[in-house]
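Chemist: So that we are looking at the same thing, I have put the structure below in structure tokens.
The values are calculated or read from the model by the stated rules, or taken from the named source; none is laboratory data. Note that this is a predicted model, so its numbers are computed, not measured. As a convention, Cβ positions derive from the backbone with ideal geometry for all residues, glycine included, and neighbour counts pool all protein chains shown. These area figures cover heavy atoms from the full protein model, side chains too; ligands, DNA and RNA do not enter into them. Shrake-Rupley method; radii C 1.70, N 1.55, O 1.52, S 1.80 Å.
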Amino acid sequence: MKAVRTSSRSASTLAMLAGILAAGLVLGVAELIGAFFSTRSAPLIALGSTFIDFTPAWLKDFAIDTFGTNDKLALFVGMAVTIIILAAILGYLAWRRWILGVAGVLFMGAVMVAAVVSRAGASVSDAIPSVIGTLAGLAALRLMIRKLHSAQPQTETTTNDDDGAFNAGGSRPVGASTNARTSVSRRGFFAAAGVTAVVAAATAAGGAVVSGIRNTVNVARERLSFPAPASPAMPVPAGVDVDVDGVEPWLTPNPEFYRIDTALQVPTIDVDTWELRVHGMVEEEIRINFQDLLDSELIERHITLTCVSNPVGGELIGNAKWLGYPIRELLARARPTEDADMVLSTSTDGFSASTPLPILQDERDAILAVAMNDEPLPLEHGYPVRMVVPGLYGYVSATKWVIDLEVTRFADATAYWTDRGWAEKGPIKTQSRIEVPRPFGNVAAGTFRVGGTAWAQNRGIDTVEVQIDDGPWEEATLAAEYTVDTWRQWTHEVQLEPGSHRIRSRAYDPDGVQTEERADTVPDGASGWHTVQFSAE
Ligand SMILES: Nc1nc2c(c(=O)[nH]1)N[C@H]1C(S)=C(S)[C@@H](COP(=O)(O)O)O[C@H]1N2
Ligand SMILES: [Mo]
């Protein structure tokens, strides 16, 4: 009787160990994937920050008084102890009743996800590392608990030497082990536990190394400062924003700026080693480093960037203020040869874009950008240097983390997306988007102000028209135009009867009205008039 109790007590100790190792795996995997994913998805940091946010002021004061500058260390130690205790309890519960373990692990996973996605600037996708980590931890826990159960036959009266060290009861088992199956399974448990421990340690260490590199780059990025631009941006008039709740701000804040790229891991580039090579069909090959760029005459321009994958009415578009060197000037120094017609730009991660050479040489301000909205480029938006070209979709012009410009010919070279069936040239199609009312929204009947944004970069928006149901097309009121390279808001007052309605809008550029013809995003961008169904009551 006594031996049985000892044995199950020892198994429960092992179950707690299993819980702790599984928790280690959850965090290790999440940290590693998170390190590759984004700076905002690390669950430990998110948990700690959330804890700090919820800490009452008196406890904060106490922590700072007691631990001084070690307050953060104290926080992490406290978190580690808490996590170990909770994980041990979960391991025990999982061993007693697996369903309790599952519920507990999923609950902890949910807490982690909530902490991550509630951080400023985080998005739902930042939860992915925590979710994958939780699933990995759950799988490892299941394996270990199974091994433990198969090592615990009902009739077992003794334990073997393997688990003697974990024999919490302190009393040595009486007699020799007679159950070979038990011994093998215990070994099975230790094998599973060992693998879990090794993978947890390796992923955690890997995550630490990757985020260490990222941190160094982040610190360098934050230290950057830029000279005043030789040609500053025009002041932005107050009238660029229409006064309608729900219309997107004219200037897109960096954390809200859409992000599209093929980089699973955001490149981390050391500005001190960054170099751009301009070569190919040029009279003079050029290499410039970051300092050379800063020493040049920089310009500052607002340019609205758009993705070719933006569906009609979609959100893959943003407007920012860019600071950088005119690509025109760089090309003038390199002197392209007569028969060249394209510039193939390449990033450190291998992405490439083919941009018509004349567009990079004309009077529009194609920029080799170093700053976005008065701060160094965010890592995910191309730090330290990217291209921004007014009037072209991003896939043929906006190369982030750019390190190479090859002057060449469309006949001789192709780029990342053009190799995958997208059009060789990608001028942005004129579009108007309805932002208020929202699709299937409910609004008050009577007088209602609709609002939205239109764009035709490098050509400019002349007019926007709005139609309710099958009524006449009416001209909307345009917000102030900044330049032809930036989007333009519009608003219109309509009278709504109660019931369901359809609103459509269409924009005019200097060439006329945007096409009504519906086209998919592939191969050269979506077209058609944006339509929204909604109701008034
Ligand atoms: N290195 C690199 N640059 C890139 C891409 C990419 O996948 N890799 N995507 C392009 C596309 S398709 C678009 S729409 C813009 C998006 O820029 P953003 O993420 O800063 O909004 O970047 C362009 N530059
Ligand atoms: Mo794009």
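Chemist: Are any residues in the stretch 277-316 within 19 Å of residue 397 (Cβ to Cβ), out of contact with any Phe, Trp or Tyr (no Cβ under 7 Å at 6 or more places or on another chain) and within 16 Å of ligand 2 (Cβ to nearest atom), and if so, which ones?
Modeler: 305, 309, 310, 314 - these are the residues of the stretch 277-316 that are within 19 Å of residue 397 (Cβ to Cβ), out of contact with any Phe, Trp or Tyr (no Cβ under 7 Å at 6 or more places or on another chain) and within 16 Å of ligand 2 (Cβ to nearest atom).
Chemist: Taking the stretch 286-333, which residues are away from ligand 1 (no atom under 16 Å from the Cβ) and in contact with a Lys or Arg (Cβ under 7 Å, 6 or more places away or on another chain)?
Modeler: Those that are away from ligand 1 (no atom under 16 Å from the Cβ) and in contact with a Lys or Arg (Cβ under 7 Å, 6 or more places away or on another chain): 286, 287, 300, 313.
Chemist: Just give me the residues in the stretch 450-487 being open to solvent by less than 40 Å² (accessible area, probe 1.4 Å) and aliphatic (A, V, I, L, M), in sequence order.
Modeler: Across the stretch 450-487, the qualifying residues are 450, 454, 456, 461, 464, 466, 468, 476, 479, 480.
Chemist: For residues in the stretch 355-375 being acidic (Asp, Glu) and under 18 Å from residue 457 (Cα atoms), which is surrounded by the most Cβ atoms within 10 Å (Cβ to Cβ)?
Modeler: 365
Chemist: A further question follows. Give the stretch 98-145 a look and list any residue that's within 21 Å of residue 191 (Cβ to Cβ) and surrounded by 17 or more Cβ atoms within 10 Å (Cβ to Cβ), or say none.
Modeler: Scanning the stretch 98-145 gives 101, 136, 137, 138, 140, 141, 142, 143, 144, 145.
Chemist: Restricting to the stretch 234-253, name every residue that is closer than 14 Å to residue 433 by Cα and surrounded by fewer than 16 Cβ atoms within 10 Å (Cβ to Cβ).
Modeler: 246, 249
Chemist: Suppose the filter is assigned by TED's automatic domain parsing to the domain that holds residue 326 and either within 14 Å of ligand 2 (Cβ to nearest atom) or assigned to a strand (DSSP E or B) (or both); does residue 399 pass it?
Modeler: Here the answer is yes, as residue 399 does meet what is asked.
Chemist: Provide a single number: the residues in the stretch 373-389 that are over 23 Å from residue 236 (Cβ atoms) and away from ligand 2 (no atom under 16 Å from the Cβ).
Modeler: 4
Chemist: Then there is this: Which members of the stretch 514-534 meet the condition of being of a type outside the set (Ser, Thr, Tyr) and touching an Asp or Glu at 6+ places or on another chain (Cβ under 8 Å)?
Modeler: The answer is 526, 528, 529.
Matching residues to (1) surrounded by fewer than 20 Cβ atoms within 10 Å (Cβ to Cβ); (2) touching a helix residue (DSSP H, G or I) at 6+ places or on another chain (Cβ under 9 Å); (3) touching a residue at least 60 places away in the same chain (Cβ under 8 Å):
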position	(1), (2), (3)
266	no, yes, yes
270	yes, yes, no
283	yes, yes, no
294	yes, no, yes
310	no, no, yes
319	no, no, yes
331	no, yes, yes
341	yes, yes, yes
347	no, no, yes
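Chemist: Give the residues of the stretch 503-537 that are assigned to a loop (DSSP other than H, G, I, E, B) and within 23 Å of residue 483 (Cβ to Cβ), sorted by residue number.
Modeler: Within the stretch 503-537, 510, 511, 514, 525 qualify.
Chemist: Which ones in the stretch 120-151 are in contact with a Lys or Arg (Cβ under 6 Å, 6 or more places away or on another chain) and either among the basic types (Lys, Arg) or in a helix (DSSP H, G or I) (or both)?
Modeler: Within the stretch 120-151, just 126 meets the criteria.
Chemist: Of everything in the stretch 296-308, what is of a type in the set (A, V, I, L, M) and either in contact with a Gly (Cβ under 8 Å, 6 or more places away or on another chain) or surrounded by fewer than 14 Cβ atoms within 10 Å (Cβ to Cβ) (or both)? Give them in sequence order.
Modeler: 298, 299, 305, 308
Chemist: Anything in the stretch 402-435 that is in a loop (DSSP other than H, G, I, E, B), closer than 27 Å to residue 266 by Cβ and more than 13 Å from ligand 1 (Cβ to nearest atom)? List them, or say none.
Modeler: Residues satisfying the conditions are 413, 414, 421.
Chemist: Scan the stretch 236-272 for residues that are modelled with pLDDT of 95 or more and among the polar types (S, T, N, Q) and report the count.
Modeler: Residues that pass the stated criteria total 2.
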